[in-house]
Amino acid sequence: MLDNLSHNPAVRTAGSGDFAARAGAFLQPVASSLLRIVRAIKGRRAAYRLATLDDQMLQDIGLTRFEVESALAMPLTSDPNAELVRRRADRIASQRRRGVRTR
């Protein structure tokens, strides 16, 4: 009974830090999920702004209308901007492999 009152961690019982560990184990995935959702919302807003650009402006930044529209068709929890960046990088890499000159 007195061992619960000790400040020496070697003497403490197993239950003394369990609450903090369990709370941290619970809150970390929740915070991570919330952060992912916030990023997805911000990315979706930016992709909607891209969708308002004309085709020539999209071409200037290395995107096509199809890519923007298909990124916006992704599930709401996914970040369309991350998908657009990936597609653009894939297209540039493909053009370099074929020997097409990029800007």
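Read-outs throughout are calculated quantities, based only on the coordinates presented, and are distinct from any laboratory measurement. Source: prediction; values computed, not measured. Heads up, the Cβs are rebuilt from the backbone with ideal geometry, glycines too, and the neighbour counts pull from every protein chain shown.
What to note about this one:
- Loop trypsin sites (Lys or Arg not before Pro), segment 29-101, which have at most 12 other Cβ atoms in a 10 Å radius of their Cβ (DSSP): Arg101
- 3J(HN,Hα) along segment 21-33: 5, 5, 5, x, 5, 7, 6, 4, x, 5, 5, 5, 5 Hz, from the Karplus curve 6.51 cos²θ - 1.76 cosθ + 1.60 with θ = phi - 60°, whole Hz, x for Gly and Pro.
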